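One structure is given below, encoded as structure tokens.
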Amino acid sequence: MRREILLGLLFLSLAACRKNANAPEKTEETATTETAAKPVHEAKEVTLDNGQLWIANPETTEGIKNMQKIISERQQETTGSDLKAALENEFQMIFEKCTMKGEAHNQLHNYLLPLKMKLNQLDGTNDEEVISEIDTYLKEYSNYFQ
């Protein structure tokens, strides 16, 4: 139940971010295509821009770097819930400062959805394993964005 609520909140964040991107109005055709798209909980693979990195807004890149720093500088005595809160705060800031548009914006969301799912897995029972996965995943950001 908790996971569904968090995924719902993520969907609302994605929708709000898309609204802020001043996307063109939806036509009947695009609305039908979007309805037939994969559910929000199924992440799409991040792709490159014809073999090139996508240009991300500076605030997004800063947020990813801040998350990497939070993980690398964490103290062993830091509780999983404190670490999760700090990471989720940075994650939320990425959405709030979202200015990307077009396909770069879509690819950013393809990257962020699996990250959010990993953050949701931090539950106090498997934190070291999940933190390692998050750290590895954050390092992949530079494979897709500059």
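Amide H contacts under 5 Å for K44: none, restricted to partners 5 or more places along the chain or on a different chain, H placed in the peptide plane at 1.01 Å from N.
Residues within the reach of a label modelled at N50 (point 7 angstrom out along Cα to beta-carbon, backbone nitrogen below 19 Å), restricted to segment 83-118, are 101-108. Using 0.36 nm per residue and subtracting the Cα-Cα separation, the extra length available between Y137 and N110 on full extension is 8.5 nm.
Gain on full extension, evaluated as 0.36 nm per residue between N89 and K101 minus their Cα-Cα distance, stands at 2.1 nm. Here the label points at S72 and T125, each 7 Å from Cα along the C-beta direction, are separated by 3.2 nm in the simple model.
All of the numbers you see were taken from the coordinates with simple rules; none came from a lab. All values reported here derive from a predicted model rather than from experimental measurement. Don't worry about glycine lacking a Cβ; one is built from the backbone with ideal geometry, like all the others, and counts go over all protein chains shown.
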